[in-house]
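Reviewing the structure listed below.
Throughout, read-outs are computed from the coordinates displayed, never taken from laboratory work. As the structure is a prediction and not an experimental result, all values here were calculated from the model. Here the Cβ positions follow ideal geometry from the backbone for every residue, glycine too, while neighbour counts run over all protein chains shown.
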Amino acid sequence: MKVRVRFLGFLARLYGSGETTVDVPENYTLRDLLRMIVKRKTRFKNAVLNDEGFKETVLTLINQKDVGVLNGLDTELKDGDEVVFVPVSHGG
């Protein structure tokens, strides 16, 4: 299966690219995908994840839906899915 992964804002710089397409096996989850893409990308990993999962400063979408309304890190990916990592800025 092919999954398109996009990185917006400063996350593209940390990852080293704004977009990539990865081949994943059936029954692959978002958690599995993250394990794959953060290998050797320590700065990206530190910007996106904490001990509980995603940091509040990153919005993660699968096919334009927030993973929070799906199954979070356990969301199963399907062929042709698009995963987007969006940095979120808060101000006051």
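Here are a few things to note about the model shown:
- Selection from the range 48-81 of residues that are over 22 Å from M1 (Cβ atoms) and of a type in the set (K, R): K55
- Only one of the listed residues (K78, K55, K65, K39) is out of contact with any strand residue (DSSP E or B) (no Cβ under 9 Å at 6 or more places or on another chain) and either in contact (Cβ under 8 Å) with a residue 60 or more places away in the chain or closer than 19 Å to R13 by Cα (or both). That residue is K39.
- Output for the range 25-41, where each listed residue is surrounded by fewer than 18 Cβ atoms within 10 Å (Cβ to Cβ) and closer than 22 Å to L70 by Cβ: P25, E26, N27, T29, R31, D32, R35, M36, V38
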